[in-house]
Amino acid sequence: QDFTYTVSTKGRFTTPEEFEQVILRTDATGASLFLKDVARIELGAQDYSLVTSLNGKKNAAFGIYLQPGANALDTAEAVRQTMERLSKRFPDGIAYKIPYDTTKFVEVSIEEVIHTFIEALILVMLVVYIFLQNWRATLIPVLAIP
């Protein structure tokens, strides 16, 4: 029987040879049964039925997913820098493109939070001054907001 198993790791194994050395069991004599003894190990795509294109041209697409607690903006910048560095070694006619970047939404959200904060600060100053009619008394809540 033929089975295909997809193995996902968190960056520990990078070559088929490293996967081949996984010990499945060891008997009483100390002999080990390795993964390479029972399976053919190869790096490949999870699904070969998927074909991607960008602007009508075939391409190789992949996604980058954040680990829990990771900073999206720092990760995106690191990816851009890495791709820029690696692209210098690409063969002629090969280029990279980032067609979908979710960090733009994060940046817009941060800008909106800052904008809302400034509006709230101005409104608090205005309302407190209208009621107290004293600039010194107005400064206390303004300094307490941040």
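The values are calculated or read from the model by the stated rules, or taken from the named source; none is laboratory data. These numbers come from a predicted model, not from an experiment. As a convention, Cβ positions derive from the backbone with ideal geometry for all residues, glycine included, and neighbour counts pool all protein chains shown.
Is there a residue in region 35-42 that is surrounded by fewer than 10 Cβ atoms within 10 Å (Cβ to Cβ) and under 30 Å from Ile94 (Cα atoms)? The answer is yes, given that some residue of region 35-42 is surrounded by fewer than 10 Cβ atoms within 10 Å (Cβ to Cβ) and under 30 Å from Ile94 (Cα atoms). Is it true that Ala45 is surrounded by 10 or more Cβ atoms within 10 Å (Cβ to Cβ), modelled with pLDDT under 85, assigned by TED's automatic domain parsing to the domain that holds Pro16 and not polar (S, T, N, Q)? Yes; evaluated as a whole, the condition is true for this residue.
Filtering region 42-101 to residues that are among the acidic types (Asp, Glu), more than 30 Å from Gln21 (Cα to Cα) and more than 13 Å from the chain's Cα centre (by Cα) leaves Glu84, Asp92. For the residues Ala95, Ala72, the requirement of being small (Gly, Ala, Ser), at pLDDT 90 or above and within 30 Å of Ser53 (Cβ to Cβ) singles out Ala72.
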